[in-house]
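Taking it in order: structure first as structure tokens, then the write-up.
The values are calculated or read from the model by the stated rules, or taken from the named source; none is laboratory data. Just so it is clear, the structure is predicted and the values come from calculations on it, not from any experiment. With ideal geometry, Cβ positions are generated from the backbone for all residues, glycine too; neighbour counts draw on all protein chains shown.
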Amino acid sequence: MDLLSILQIFDSAVRLATPLLFACLAGLFSERAGIFDIGLEGKILISAFFSAGVAVLTGSIWLGLIAGLAGSVLFSAMHGLASITFRGNQLISGVALNFLASGLTVLIGEAWFGLGGRSPGLKNAERFLPIELPFAESLSGVPIFGPIYKELISGHTLLVYVALLAVPLSWFVLYRTRFGLRLRAVGENPAAVDTAGISVIKLRYAAMLIAGILCGLAGIYLATGLGAGFGKEMSAGRGYIALAALIFAKWRPWYALGATMLFGLLEAVANRYQNIDLGGFIVPVQFMQALPYIMTVIILAGIVGAAIPPRAGGQPYVKER
Amino acid sequence: MEKMPRWADVLLIPLINLTIAFSISALVILAIGENPVVVVKMMVSGALGSSYGWGYTLYYATNFLFTGLAVAVAFQASLFNIGGEGQAAMGGLGVALVCLFIPFPHWAVALVFAMAGGALFGAIWALIPAYLQAKRGSHIVITTIMFNFIAASLLNYLLVNVLRPTGSMDPSSARFPETTHLPTFHDMLTPFGINFSKAAPVNISLLIGLVMAVAVYFLLWRTRLGYEIRSFGKNQSASVYAGISITKITIVAMMISGGIAGMMAINNTMGESERLIMNSVEGAGFIGIAVALMGRNHPFGVLLAALLFGFLYQGGGEVSLWTKIPRELIIVVQALVIMFTGALDNMVRMPVERAFIRAAKRRKAS
């Protein structure tokens, strides 16, 4: 295998990892604040739909971006309402939101476009286009570094770079700010945070808002960056893979980058080579597709080091009276 | 402490929840420019207006009865089994292997073996997440979701590479032999002079489903194991103190749950398609969650909820034929039912409870 095809696989891995990374960070903020978020999948789907749908109707990617974010944040707010205000079961709420997204997108899509749930294809003004970084062409002659710069680092859409920047930013917010400290504390011991006179409810809603925005970006990238339009069920389990990556990453931002890149790489390899021949033994493509899930189960089983979730995860907080 | 009367808990609150869910569904229909009254009429005539409609309604209801019971048993032990979809898919594999590779003299014998095969495969698919939850503390919701995907990939592989007959392009198994074909309602009712639609797929599995509902009731409320499952679901630490083993109850409850989900395959795989097809479960495992929540995890409630969802599913199919509203309307209704009877239950419960307590106090005072 030559350098160019290796670079192409890595390039495609970065593209495929981007929605996972956004969604994984969304889940990270949510779960670090003590709210389980099974609904990542639904939020990706709804924001993908509204971003592509509104971009087609208005001809502007920026209005599409706003619509996508609004859809995802609205879903996040519903999750907050159920799991924070009404102290309902967070898992059930997440499951309900996933179904709501998968039904509503087709229902509204059919009413708007009549294409069986698809949106029409996006024109260039209606999507995020690849950005050619400076000197990509002129440096391409430089051995090794040139092709890496041109093929792998340059030529992605804006949202890919935003996703990569979101990793250090998330790390900084969580570990170097007062808000982050409180957010993490609320996921471990909300009673202590409450005793210190800080509102658990406000913090958790703030986490929901951040999760909504990040997850929205995942969907927007999927429909307007990676693809050019919305397709029925286009999230295709990515919300669940992001959840798997979150466990893999042990709820840490930098690890989340590694985990999502790994899962992105798996998908890129599975896309490029249908069946992989390992010296006579053929690895079927279905195995490659199931690999992220199998790996997550193995991680969960604690075979490769334990993954310990935030302690207060999933429990609604009831103030003492 | 004053309490709400029991009828309000089991009847009033679920009814209010459902009313909200259906009202919002009606608003959604209005918002996309259709008339909800017309849609409901179309659903009723499509699902209940002919023996063909009834036959499909009851066929879908059978699927949801199995998956709803499965989710309910796990819920009683406070285990959230989202894996019904994968367990039912694996049950389909179990049923298919039994039907394809054992020569049966009669469908009745085949049915018994197919039930065992489906239940066994479903139970095994639930066993691994259960074991991991009980022994390693890994969250059952995450592992059962992962197992849904793994089951889908496994079946995809088996149907494309192993079970597909040579020369066939279709990723599905060979047809099951004639002797495994289950009697449909048409076959069963004709001797009594009742003319039931021949095309409708409802079959003897519905009766098996009803028997299973009764069996689940007896298991949960009339046996020691059922008592242990329910007490474990209500209060884990008290159950441990009473000598109930966490490991045992988690594994047994999940295997029963997975077994019932797997048994669903006698209806869709053995009864309807008569071969194993790709994506045979079609979301029934997930609808089981809505059915169990709506039925308050009681077999009788599950039965009613399964019938309602059977009606919605068939009615929704009819609506999609005649209007611009796609089948996915049902997924929206399903989502809203799960949201309002499950996650937002407190939104209705808290004010209703307060109203009852206030009324009781006022009665006492006067």
So, in the range B:125-182, of the ones that are of a type in the set (Gly, Ala, Ser) and within 21 Å of A:Val285 (Cβ to Cβ), which residue ends up nearest to the other protein chains (Cβ to nearest Cβ)?
B:Ser153
Qualifying position, being part of a helix (DSSP H, G or I), out of contact with any Phe, Trp or Tyr (no Cβ under 9 Å at 6 or more places or on another chain) and of a type in the set (Gly, Ala, Ser), among B:Ala70, B:Ala47, B:Ala61
B:Ala70
For the range B:340-354, pairs from a residue that is under 14 Å from B:Leu293 (Cα atoms) to a residue that is of a type in the set (Phe, Trp, Tyr), with Cβ under 8 Å and 6 or more apart or across chains, are B:Ala343/A:Phe86; B:Leu344/A:Phe86; B:Asp345/A:Phe86; B:Asn346/A:Phe86
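Identify all residues within the range B:325-366 that are farther than 30 Å from A:Glu110 by Cα and touching a Phe, Trp or Tyr at 6+ places or on another chain (Cβ under 7 Å); write none if there are none. Lay out the reasoning, then the answer.
First, the residues of the range B:325-366 that are farther than 30 Å from A:Glu110 by Cα: B:345-366.
If the condition is that a residue be farther than 30 Å from A:Glu110 by Cα and touching a Phe, Trp or Tyr at 6+ places or on another chain (Cβ under 7 Å), then B:Asn346, B:Met347 are the ones that fit.
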Near pairs, Cβ below 7 angstrom, 6+ apart or cross-chain, from the range A:160-175 (assigned to a helix (DSSP H, G or I)) to any residue that is of a type in the set (Val, Ile, Thr):
A:Val160/A:Val14; A:Val160/A:Thr18; A:Ala163/A:Thr18
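Listed here are the residues, each with its yes/no results for (1) part of a loop (DSSP other than H, G, I, E, B); (2) at pLDDT below 90.
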site	(1), (2)
B:Thr166	yes, yes
B:Asp170	yes, yes
B:Leu182	yes, no
B:Leu189	no, yes
B:Asn195	yes, yes
Out of (1) within 22 Å of B:Gly262 (Cβ to Cβ); (2) surrounded by 14 or more Cβ atoms within 10 Å (Cβ to Cβ); (3) over 20 Å from the mean Cα position of the chain (by Cα), the odd one out for B:Thr223 is which?
(2)
Given the residues A:Pro147, A:Pro130, A:Pro120, which is the only one that is more than 7 Å from chain B (Cβ to nearest Cβ) and modelled with pLDDT under 80?
A:Pro147
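Scan the range A:111-153 for residues that are of a type in the set (Ser, Thr, Tyr) and over 30 Å from A:Leu45 (Cβ atoms) and jot them down. Let's see the steps before the verdict.
Narrowing the range A:111-153 to residues of a type in the set (Ser, Thr, Tyr): A:119, A:138, A:140, A:149.
Scanning the range A:111-153 gives A:Ser138, A:Ser140, A:Tyr149.
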Unique match (being within 23 Å of B:Gly92 (Cβ to Cβ), touching a residue at least 40 places away in the same chain (Cβ under 8 Å) and within 14 Å of chain A (Cβ to nearest Cβ)) among B:Gly262, B:Gly283:
B:Gly283
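Mind telling me which of the residues A:Ala244, A:Ala301, A:Ala290 ends up being among the small types (Gly, Ala, Ser) and either more than 13 Å from chain B (Cβ to nearest Cβ) or more than 20 Å from the chain's Cα centre (by Cα) (or both)? It would help to see each step written out before you state the result.
Numbers: A:Ala244 fails: either more than 13 Å from chain B (Cβ to nearest Cβ) or more than 20 Å from the chain's Cα centre (by Cα) (or both); A:Ala290 fails: either more than 13 Å from chain B (Cβ to nearest Cβ) or more than 20 Å from the chain's Cα centre (by Cα) (or both).
Selected residue: A:Ala301, the only one of A:Ala244, A:Ala301, A:Ala290 that is among the small types (Gly, Ala, Ser) and either more than 13 Å from chain B (Cβ to nearest Cβ) or more than 20 Å from the chain's Cα centre (by Cα) (or both).
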Within the range A:83-112, considering residues that are touching a residue at least 12 places away in the same chain (Cβ under 8 Å), surrounded by fewer than 18 Cβ atoms within 10 Å (Cβ to Cβ) and not polar (S, T, N, Q), the one nearest to the other protein chains (Cβ to nearest Cβ)
A:Arg87
Among the residues of the range A:179-197, are any over 30 Å from A:Val56 (Cα atoms), free of Cβ contacts under 8 Å to residues at least 12 places away in the same chain, aromatic (Phe, Trp, Tyr) and away from chain B (no Cβ under 14 Å)?
no
Taking the range A:209-239, which residues are crowded, with 24+ Cβ neighbours inside 10 Å, more than 19 Å from A:Leu91 (Cα to Cα) and among the aliphatic types (A, V, I, L, M)?
A:Leu214, A:Leu217, A:Ala218, A:Ile220, A:Leu222, A:Ala223
Cβ contacts < 7 Å: first residue free of Cβ contacts under 8 Å to residues at least 60 places away in the same chain, restricted to the range B:189-201; second residue assigned to a helix (DSSP H, G or I), any location; separation 6+ or different chain. Result?
B:Lys198/B:His186
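Output the residues belonging to the range A:14-46 that are touching a Cys at 6+ places or on another chain (Cβ under 7 Å) and either under 12 Å from A:Thr224 (Cβ atoms) or within 14 Å of another protein chain (Cβ to nearest Cβ) (or both).
Initially, the range A:14-46 is screened for residues touching a Cys at 6+ places or on another chain (Cβ under 7 Å), giving A:22-23, A:26, A:40, A:43-44.
Residues satisfying the conditions are A:Leu40, A:Lys43.
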Being over 16 Å from B:Ala284 (Cβ atoms) and in a loop (DSSP other than H, G, I, E, B) is the filter here, so list the residues in the range B:73-104 that pass it.
B:Ala77, B:Ser78, B:Leu79, B:Phe80, B:Ile102, B:Pro103, B:Phe104
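Can you report the number of residues in the range B:313-336 which are within 12 Å of chain A (Cβ to nearest Cβ) and either small (Gly, Ala, Ser) or more than 20 Å from B:Ala74 (Cβ to Cβ) (or both)? If you could, list the steps in order and put the result at the bottom.
Taking the range B:313-336 first, the residues within 12 Å of chain A (Cβ to nearest Cβ) are B:316, B:319-320, B:323-336.
If we keep only those that are either small (Gly, Ala, Ser) or more than 20 Å from B:Ala74 (Cβ to Cβ) (or both) as well, we get B:316, B:319-320, B:323-333, B:335-336.
Adding up the residues that qualify gives 16.
Being surrounded by fewer than 11 Cβ atoms within 10 Å (Cβ to Cβ) and more than 28 Å from the chain's Cα centre (by Cα) is the requirement here; does B:Val162 meet it? Let's see the steps before the verdict.
On the way: surrounded by fewer than 11 Cβ atoms within 10 Å (Cβ to Cβ): yes; more than 28 Å from the chain's Cα centre (by Cα): yes.
It is true that B:Val162 is surrounded by fewer than 11 Cβ atoms within 10 Å (Cβ to Cβ) and more than 28 Å from the chain's Cα centre (by Cα).
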If I filter the range B:128-136 for residues that are surrounded by fewer than 18 Cβ atoms within 10 Å (Cβ to Cβ), out of contact with any Leu (no Cβ under 6 Å at 6 or more places or on another chain) and either without any contact (Cβ under 8 Å) to a residue 60 or more places away in the chain or not in a helix (DSSP H, G or I) (or both), do I get at least one hit?
yes
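Filter the helices (runs of 4 or more DSSP H) completely within the range B:233-299 down to those with at least 3 residues that are closer than 26 Å to B:Cys99 by Cα. Show your work before the answer.
Working: elements: B:236-241, B:246-263, B:284-294.
The qualifying helices (runs of 4 or more DSSP H) are B:246-263, B:284-294.
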May I ask you to verify whether A:Leu69 is modelled with pLDDT of 95 or more and within 14 Å of another protein chain (Cβ to nearest Cβ)?
no
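Does B:Lys198 satisfy the criteria of being within 13 Å of chain A (Cβ to nearest Cβ) and of a type outside the set (A, V, I, L, M, F, W, C)?
On the way: within 13 Å of chain A (Cβ to nearest Cβ): no; of a type outside the set (A, V, I, L, M, F, W, C): yes.
So B:Lys198 does not fit the description; no.
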